[in-house]
1. Which of the numbered conditions does A:G39 fail, given that it passes all the others? Conditions: (1) in a loop (DSSP other than H, G, I, E, B); (2) surrounded by 13 or more Cβ atoms within 10 Å (Cβ to Cβ); (3) under 23 Å from the mean Cα position of the chain (by Cα).
2. Looking at segment A:173-193 only, could you name the residues that are surrounded by fewer than 19 Cβ atoms within 10 Å (Cβ to Cβ) and under 26 Å from A:S130 (Cα atoms)?
3. From the residues in segment B:140-178 that are among the hydroxyl-bearing types (S, T, Y) and under 16 Å from B:S101 (Cβ atoms), which one is farthest from the other protein chains (Cβ to nearest Cβ)?
4. Test A:R134 against the stated conditions and say whether it is out of contact with any strand residue (DSSP E or B) (no Cβ under 9 Å at 6 or more places or on another chain) and closer than 24 Å to A:E181 by Cα.
5. Please note which helices (runs of 4 or more DSSP H) are completely contained in segment A:158-260 and include at least 3 residues that are more than 14 Å from chain B (Cβ to nearest Cβ) and closer than 27 Å to B:S50 by Cα.
6. Got a number for residues in segment A:283-327 being of a type in the set (S, T, N, Q), touching a residue at least 40 places away in the same chain (Cβ under 8 Å) and surrounded by fewer than 18 Cβ atoms within 10 Å (Cβ to Cβ)?
7. When only residues in segment B:121-153 that are without any contact (Cβ under 8 Å) to a residue 12 or more places away in the chain and assigned to a loop (DSSP other than H, G, I, E, B) count, which is surrounded by the fewest Cβ atoms within 10 Å (Cβ to Cβ)?
8. Out of the strands (runs of 3 or more DSSP E) lying entirely within segment B:1-78, which hold 2 or more residues that are over 30 Å from B:E197 (Cβ atoms)?
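The values are calculated or read from the model by the stated rules, or taken from the named source; none is laboratory data. Just so you know, these numbers come straight off a predicted model, no measurement behind them. Cβ: placed from backbone, ideal geometry, glycine included. Neighbour counts: every protein chain shown.
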Amino acid sequence: MESFLEVQNLQVSYRSHEHRSRPVLSGVSFGLMPGEILGVLGESGSGKSTLAASILRLLPPNGHIGNGAVFFEGKNLLQAPSEALRNIRGGRVSLIFQEPSLALHPTIRVGEQVRRVLASHQSLSRNELSERTRNVFIQLFPQDTDRILRSYPHQLSGGQRQRALIAQAIACYPAIVIADEPTAALDPVTQLEILGVFRALREQLSLAMIFITHNPALLSGFADRILVLYAGQVAEWGPAESVLRSPKHPYTRALFESLPGISTEMEKSHKTLLPVIPGNSSPASLPRKGCSFEPRCSVRMDVCKEFEPVLVDLGKKHVVSCFKYKE
Amino acid sequence: MDPILKVENLVKRYSKRSLLGPPQEFLALDSVSFALSAGTTLAIVGESGSGKSTLASCIACLETPTSGNLWFEGANLAHYAESELRKIRPQIQLIFPDPASSMNPRWSILEIVVEPLAVQGKLGRKERMLRAFSLLERVGLSADMAERPATELSGGQRQRLAIARALTLDPKILILDEALSALDCSVQAQIANLLLELQSSHGMTFLFITHDLTMAAHLADEIIVMSHGQIVEHARSAAILRNPNHEATRQLLAAVPKFSLAPGPATQP
């Protein structure tokens, strides 16, 4: 199958006060298949939110896309006129933000907020608009549909607010939903419930999703493929099952090993020190040349200090950016 | 061992005044009882709204319980007056989920750590500085950063600083309210290790409040599960995981994503 969203060699930088420009994404490339859930895994500063924003050209004013292309339905979104882009945003490709309490307007009923999205993308009569809005809400709130339509955001729980945001995102039946840490502010039980909602919607609407998170455990059993970002570069990209079970990049592996696990042998590891990745990934501590993970890597070699690794294809659609591997 | 903290039938009721009709009552803590032994970690887990943070505020003497007893070193804090509570508060310190919002952004790292000592009027100027430097070292922050503003720190370093500040007054109990939740996974592991080290070297007592059952099970000796203001289960960490008795515990367990790494070194292609 052909990928229908293609990100090629995306380079994004932010200007700081002193007119210095700081690269945030350097040469990120990947593709998204129709109906696929792509999990983007990265820690703070890895550029994962910048990736979401730059696909739809929603970067803050100091953000600058230096190079690259984002192909969607035959168009390069990075070069599309803003009129065309406006129709795509929220219509064909929609974005769900992290904090549901900030993304919803506090003094407009949630039903109205979804209706306005529909109204701005499609020319429908008043009755059609109301009916379409109600249909969208039925999908997300099978019970209590009418009460929630008329509620203000503050009257809803965190999970319900997140559902309302999802309603807004799917109102126009988009082809792609990009969700940036959509469950980070929720407790684990609600988190699970929202992941279930996404899975059901994928089936019903044959949506493709880019699901951005810092928590690898959330992606297990949910994502089809996983893209691991480190310091603005692709560390690893492959089928979820194989990335989670046997990660190839030293960063991915070290990250997974640092998670405490719940297992039958729990008593053995209980209250023992977790294996940690030394150092941090703040921009100041990144090396000027060579592999960006080299200073923290436990299996580094001489070559890693000097040269930047390129993506190596390991077969079965699994690629990794590390000198340990050869084609 | 004698418990350092004993909570007996603690009740906290909030009432919301309404314009018309009688005030609405909300029972945040419904007759909560447990004991915390010195040098151990007790985790309190539960969904949002289950009363975890209210319990933390009551134990830290920031909220007055509606009824019940709060025994700390032989004294019942529930009946203490404000002037007496002031002497207790330094001994029970609280760490918040987002340390950035609990620090003055214009202060240097050193000023932030010295402040509690200055407020309590403890030690001379020079001793305060020495103590601050030794605490920064203990939490893994280098002394040459001391003059820099706290805003320059990363999330993990900020949480280290928050822990250093909480330790300045030699607290008997450290309450960690979702102290790891806002951090990246790899940073969570670093801070979790710091907590374990502080406990084994200094015998610290922790009350670890979280909704992350995995981390709770890793760090805590015992786990309390709360639901709707009540303690629904209280057992040793391993027992809670092996045979959860209450529906709320089972729900929390079910929400833990199953995910395990295949064994083998990273270098094998």
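1. The failed condition is (1).
2. The one that is surrounded by fewer than 19 Cβ atoms within 10 Å (Cβ to Cβ) and under 26 Å from A:S130 (Cα atoms): A:Y173.
3. B:T151
4. The answer is no for A:R134.
5. Result: A:158-170.
6. 1
7. Among those that are without any contact (Cβ under 8 Å) to a residue 12 or more places away in the chain and assigned to a loop (DSSP other than H, G, I, E, B), it is B:G121.
8. Of the strands (runs of 3 or more DSSP E) lying wholly inside segment B:1-78, those with at least 2 residues that are over 30 Å from B:E197 (Cβ atoms) span B:3-16, B:24-37, B:67-72.
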